[in-house]
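Let me begin by handing over the structure; questions about it come next.
Each value in this text was obtained by applying a stated rule to the coordinates, not by laboratory testing. Remember, predicted model here, so these are calculated numbers, not experimental data. For neighbour counting, all protein chains shown are included, and Cβ atoms are generated from backbone atoms with ideal geometry for every residue, glycine included.
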Amino acid sequence: MYEYIVHEDLMPTGLEGISDDQIQDHWGLYKGYVAQCNILHKELEEMRHAGKGGTPAYADRRRRFGFEYAGMTLHEYYFGNLKAGTELKGGTHFCRAVTAEFGSKKDWLEDFSNTGKTRGIGWAICYLDPATGQINNHFVQLHEDGNIPGFVPLLVMDVFEHAYMVDHKALGRPKYIEAFLRNVNWDIVEKRYSEAIHGKEFHRFAA
Ligand SMILES: [Fe+2]
C-alpha cells in the first residue's frame, strides 16, 4: 500500500518576517495531514475488503480523504514556494504572463494579495490553465472548495489563521501577506510555469 511521507526538504527556514517558530508550528499541522492520509487510505481499503464500500460510513470517510489529501498537497506547494532572497524579475516567463493578463506585475501582486484577504479560511492560489495559457488568482475555501481540475498551481499562499498566529494576532493577515510576498521563491514559480506551458508535469517534491 502506498505510504504518504512528510517531505522534510520542503521546510523553509530563515525567512524574513515569518519566524522559524511559526514555520515549525505550521509544519506540525502539515505532518498531521500526512498522518491522516495514511490512516484514511488504510481504513478505506479495510472497509472495502470488509464489504463496506457502499455504506454511508465509507462515503463519509472518502469525503474526509479528499479534505485531508488536499490539505497535504497544498501545504507541500506552500512550503515549497517559500524562500528568502529571490525576486520577481521582469523578464521571466511568469512575469510576462501575469503582465499580459493583469496589465502589470504590480496589478497582479495587488490582486493576489487581495485574494488572500478574502473573508474566510483557505488559500490564495495563482493558477495556470494549461489548456488556454491563462493565469488567474483564485480563493480556495478550506482545502477543497474552489480548486479547479487540471489547473496548475503556480503560487500557493495559506491564509488560515494558523499560518500567522505565532507571529501575528487574528487581525494580522495583511501583515502576514506582506511578509509572505517578501519570501516567495520566484525561481520555483517560474519553474512551475515554464514546465506547465511546455507540457511537462511539475513535481511538487523531489522523487
Ligand atoms: Fe496551513
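Which numbered condition trips up residue 147, out of (1) under 22 Å from residue 178 (Cβ atoms); (2) within 16 Å of the ligand (Cβ to nearest atom)?
(1)
Still on this structure: Return yes when residue 156 is of a type in the set (Val, Ile, Thr) and within 13 Å of the ligand (Cβ to nearest atom) and no when it is not.
Spelling it out, residue 156 is indeed of a type in the set (Val, Ile, Thr) and within 13 Å of the ligand (Cβ to nearest atom).
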